[in-house]
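The values are calculated or read from the model by the stated rules, or taken from the named source; none is laboratory data. The structure displayed is predicted, hence computed values, not measured ones. Note that we place each Cβ from the backbone using ideal geometry, even for glycine, and neighbour counts take in every protein chain shown.
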Ligand code: HEM
Ligand code: SF4
Ligand code: SF4
């Protein structure tokens with residue numbers, strides 16, 4: 001299937017010996033000059049790039065304590081060396097988190113520290129050469145900014161912070177990544193990652209309303225740009241058409257319908273994703289977030305709810321208030337913003353949703369904690385809510401649920417392998433290799449408990465798994481949305497399913513009173 | 001006073017000033033550099049009190065390291081807590097009369113030196129034996145361990161083998177404290193020990209030893225999980241908003 005070796009799934013996850021130059025050839029396509037320009041970056045590698053890069057590094061050192069501190073305090077203890085899924089999947093030494101940091105740290109030392117200026121060899125400091133820049137471009141695009149290493153470092157050193165800074169420095173000298181920068185430009189111009197304009201969006205939503213009505217006999221609405229609605233739903237654009245995402249979107253619609261709330265999508269802010277985070281650009285991340293604030297103000301909504309998207313939820317939960325707040329114009333009785341899982345969970349707790357778990361009896365489910373939700377955000381206003389709430393929503397929707405191995409879930413979860421702006425075909429090799437640890441854990445529960453499906457609340461995880469599952473002998477449709485399970489199980493009032501369950505259905509399966 | 005004594009007096013004053021000023025500047029720098037975004041490694045404590053507990057567990061028990069790697073944790077704990085006891089024991093050279101609890105520490109401190117040394121040797125062995133750690137080790141990592149192993153061995157040598165003239169040593173130490181320099185006993189082991197200690201003091205503020213003050217400033221460990229409830233914004237980020245809302 002591929003012209004590279006797909007890692008073999010063993011009985012247990014094994015820590016490989018480090019090897020050099022295994023994946024240095026993997027690097028994403030460069031952004032074209034006009035996309036670079038859209039984001040305010042130089043079109044291509046500028047002449048005095050070294051000088052600009054070092055100045056940019058100095059600028060970031062003054063702006064981000066994380067960056068400066070993490071470059072200073074690593075003791076090379078090695079505790080993080082076996083924690084990165086890309087290292088485990090590729091065996092490339094530079095994919096050990098500390099080695100990845102070191103690619104940048106050695107330059108930091110050379111230009112910003114006493115020891116590096118006067119004793120470069122001793123402390124491993126080097127000049128910023130073209131070779132170093134090439135290594136940066138390769139290896140800082142082999143980091144999905146998943147923060148697993150940060151959990152295990154005695155000082156919480158977060159390689160994601162380093163790779164975000166590295167990408168920002170590279171953008172500043174004109175070497176941007178095509179996938180991320182093209183997408184950000186698209187959001188600025190059209191409103192979402194996919195470049196879906198308003199009419200196409202309206203069309204799609206109408207189609208989904210028909211699908212739901214065909215399935216249930218109930219008219220469930222998916223409103224777009226409706227002024228005065230209570231809730232603005234911000235969801236990743238993959239939810240509008242891709243499988244299994246779209247089944248999740250239908251799930252949210254059904255939940256809103258049953259809750260009896262008025263809600264709307266916005267064509268101006270039809271994208272939850274915020275790739276500004278991936279490229280480490282505060283300015284771009286902020287500009288993307290302000291679209292959401294504007295849409296909320298324009299539509300006059302009282303609440304903002306986010307759909308299933310991992311990094312979007314990190315930006316929403318942890319950064320939105322900072323980037324686009326204060327949200328004093330919204331209803332303060334609800335979390336700002338709220339996650340769709342929190343919304344559904346609250347209704348379940350209040351017994352406001354009728355769930356028919358048997359509808360999912362054809363599946364045995366396990367849950368993949370998405371890295372940005374697990375380690376970058378929270379839910380429910382209590383510590384660890386991001387682990388409890390999605391699981392409770394799943395368990396309310398199905399009868400068969402098992403967790404994967406402890407070392408691979410909750411805050412120790414393995415990234416899907418496609419996060420951090422790596423979800424592009426030009427990085428397929430690293431995506432497949434990086435998926436190995438998760439696939440290994442999945443294989444284990446498949447064999448032990450007969451797990452058939454992997455549920456997730458992240459658009460990137462879903463797309464990545466749909467693509468990589470087959471490389472490991474699974475089927476692409478084994479990945480499901482959490483709200484797809486909800487959608488299957490929820491019994492809408494006045495639906496055919498309700499009639500059937502209550503024994504009031506006629507011969508043709510239609511509800512008699514319909 | 002002999003030339004050697006004079007040199008050591010000068011060396012210690014220099015090392016002390018370098019350490020104190022260097023550390024103060026670095027800490028000031030960390031404290032003043034903003035953390036513009038909320039990036040605690042989640043799940044994180046919801047309150048400031050919770051953060052104090054989290055930090056305490058990190059510093060006192062190396063909690064994350066324990067989850068991460070039991071060998072590094074074991075050697076790290078032996079080294080650091082051995083060193084802590086040894087350092088406390090050293091207070092008897094600088095206090096007159098010796099504080100009562102420093103006396104209590106004496107017997108433990110004496111043997112803690114062996115735990116410290118064993119921990120250090122364990123950590124050092126990993127740098128040769130574990131391929132991953134070998135790959136990331138720089139010459140300075142080895143030198144740093146050599147330096148501290150040197151301090152520990154020369155110290156143990158004096159406690160258990162040769163027995164230095166403690167009375168004159170204490171006079172020297174108190175002399176430094178009270179700015180009335182006294183001669184230093186010319187024991188080669190003692191000179192080695194003190195020379196290495198002064199080197200460590202000088203290296204401290206310009207090396208990875210900054211992890212000691214640094215850990216307290218780590219945003220992934222010292223921030224609360226309260227981003228939805230409280231707006232967190234850095235000055236430079238606030239400036240981007242002028243005229244906007
Ligand atoms: C707040 C105080 C401190 C904390 C929480 C702390 C914590 C740690 C941790 C977790 C490690 C990694 C594990 C290990 O290799 O042991 C480490 C390494 C190290 N620490 Fe500390 N430390 C502190 C103070 C100090 C001090 C005062 C020194 C002074 C000599 C020191 C010297 C070292 C050295 C040399 C290493 C690297 C060991 C190696 O090469 O493997 N630490 N520290
Ligand atoms: S953030 Fe994730 S991908 Fe990046 S180095 Fe750490 S573990 Fe690897
Ligand atoms: S665990 Fe932390 S301190 Fe240890 S090598 Fe990794 S980044 Fe450095």
Original post:
Does residue A:161 fit the bill of being under 28 Å from residue B:218 (Cβ atoms) and part of a helix (DSSP H, G or I)?
Top reply: yes
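Please find, among B:148, B:77, the residue that is within 22 Å of residue B:9 (Cα to Cα), within 12 Å of ligand 1 (Cβ to nearest atom) and within 19 Å of the chain's Cα centre (by Cα). Reasoning before the result, please.
Details: B:77 fails: within 22 Å of residue B:9 (Cα to Cα).
So the residue among B:148, B:77 that is within 22 Å of residue B:9 (Cα to Cα), within 12 Å of ligand 1 (Cβ to nearest atom) and within 19 Å of the chain's Cα centre (by Cα) is B:148.
Out of B:133, B:102, report the one residue that is away from ligand 1 (no atom under 13 Å from the Cβ), buried (at least 16 other Cβ atoms within 10 Å of the Cβ) and farther than 20 Å from residue B:204 by Cβ.
Numbers: B:133 fails: away from ligand 1 (no atom under 13 Å from the Cβ).
Answer to the check: B:102.
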**OP:** Could you tell me which residue of segment B:188-232 is farthest from residue B:155 (Cα to Cα), considering only residues that are without any contact (Cβ under 8 Å) to a residue 40 or more places away in the chain and surrounded by 19 or more Cβ atoms within 10 Å (Cβ to Cβ)?
**Re:** B:228
Original post:
Within segment A:424-444, which residues are part of a loop (DSSP other than H, G, I, E, B) and either surrounded by fewer than 24 Cβ atoms within 10 Å (Cβ to Cβ) or within 16 Å of ligand 1 (Cβ to nearest atom) (or both)?
Top reply: A:424
Original post:
Looking only at helices (runs of 4 or more DSSP H) that fall completely inside segment A:17-86, which ones have 3 or more residues that are within 14 Å of another protein chain (Cβ to nearest Cβ) and buried (at least 16 other Cβ atoms within 10 Å of the Cβ)?
Top reply: A:49-63, A:65-73
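Per-residue answers, yes or no, for (1) within 9 Å of chain A (Cβ to nearest Cβ); (2) surrounded by fewer than 17 Cβ atoms within 10 Å (Cβ to Cβ); (3) closer than 30 Å to residue A:321 by Cβ:
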position: B:6; (1), (2), (3): no, yes, no
position: B:22; (1), (2), (3): no, no, no
position: B:36; (1), (2), (3): yes, no, yes
position: B:69; (1), (2), (3): yes, no, no
position: B:76; (1), (2), (3): yes, no, no
position: B:79; (1), (2), (3): no, no, no
Original post:
Does residue A:386 fit the bill of being crowded, with 23+ Cβ neighbours inside 10 Å, without any contact (Cβ under 8 Å) to a residue 24 or more places away in the chain and outside the structural domain of residue A:85 (by TED's automatic domain parsing)?
Top reply: yes
**OP:** State whether the residues of segment A:256-267 include one that is surrounded by 21 or more Cβ atoms within 10 Å (Cβ to Cβ) and closer than 20 Å to residue A:488 by Cβ.
**Re:** yes
